[in-house]
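Scroll down for the structure; my scribbles are underneath it.
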Amino acid sequence: SRRQRQMCIRDSYMDRQEAKLRARLEGTGVGVQRVGDSIKLIMPGNITFDTGSSAIQGGFTSVLDSVVMVAKEFDKTLMQINGYTDSTGSFQTNQSLSEQRAGSVARYFMNQGIPASRIRSTGYGPRDPIADNSTASGRSQNRRVEIEMLPMQQ
């Protein structure tokens with residue numbers, strides 16, 4: 001059927017994009033997860049932002065540049081940028097910080113020529129922890145930015 005053919009084309013498109021992202025991001029500390037149609041890039045806090053800051057660390061720009069190169073090649077992909085914090089400090093402070101961090105990454109992508117129409121950013125504060133907030137290493141894992149690469153709906 002036509003729908004199955006479209007899904008196959010979309011799957012192979014996302015497969016190729018995933019392979020490129022894995023190759024470019026190897027050894028950077030960024031996790032690459034495939035979830036159905038989408039590709040999730042998990043960028044830990046130790047490589048992205050200093051504590052309490054939404055300014056992108058100098059060393060992180062090369063990682064973002066790798067994502068930009070792939071995103072420009074695969075231009076039928078939407079980028080959902082999600083910011084997260086650990087649970088230290090007030091909810092409101094963490095919520096604002098997570099929004100600012102996601103916004104910093106979104107602005108970086110736009111400044112590198114990715115159209116704003118392909119980018120969404122959301123801050124989740126301390127919600128959705130991926131590790132234990134009662135340990136330093138857990139808090140470090142929870143301070144992260146995740147970029148979901150999603151196929152545009154035809």
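We did not get these values from a lab; they are worked out from the coordinates using the rules stated. What you see is a predicted model, and the numbers here were worked out from it, not measured in a lab. Here the Cβ positions follow ideal geometry from the backbone for every residue, glycine too, while neighbour counts run over all protein chains shown.
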Check: Amide H of SER121: which non-local residues (sequence gap of 5 or more, or other chain) have their own amide H closer than 5 Å, using H built in the peptide plane?
Finding: ILE81
Checklist line | Backbone HN-Hα couplings from phi across segment 111-127 [Karplus 6.51/-1.76/1.60, Hz, Gly and Pro as x] | finding: 5, 8, x, 7, x, 4, 5, 9, 10, 10, 9, 9, x, 10, x, x, 5
Checklist line | Global geometry of segment 12-89, whether rounded, prolate or oblate, following the gyration tensor of its Cα atoms and the 1.5 cut on a/c | finding: prolate
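Just round it to a whole percent: the fraction of Cα-Cα distances in the chain exceeding 26 Å.
On the way: 2991 of 11781 pairs.
Value for the chain: 25 percent of Cα pairs lie more than 26 Å apart.
Using the C-alpha gyration tensor of segment 70-135, what are the square roots of 5 times its eigenvalues, in whole angstrom, with the largest one first? Please report the intermediate quantities before stating the final value.
Numbers: eigenvalues 149, 30, 13 Å².
Its equivalent ellipsoid spans semi-axes of 27, 12, 8 Å.
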Next item on the list: Could you order peptides 126-138, 80-92 by the average number of other Cβ atoms within 10 Å of their residues, highest first?
Entry: 80-92, 126-138
Next item on the list: Beta carbons within 10 angstrom, averaged per residue: use that to sort the peptides 96-108, 61-73, 17-29, highest first.
Entry: 96-108, 61-73, 17-29
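Where both partners of a DSSP beta bridge lie in segment 24-129, what percent of those bridges are antiparallel, to the nearest 5?
So the antiparallel bridges in segment 24-129 amount to around 55 percent.
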Check: For segment 75-93 and segment 1-56, what is the separation of their Cα centres, given in Å?
Finding: 16 Å
Next item on the list: For segment 55-66, just list the computed ³J(HN,Hα) in residue order, Karplus coefficients 6.51, -1.76 and 1.60, θ = phi - 60°, integers in Hz, with x standing in for Gly and Pro.
Entry: 7, 5, 5, x, x, 7, 5, 5, 5, 5, 4, 4
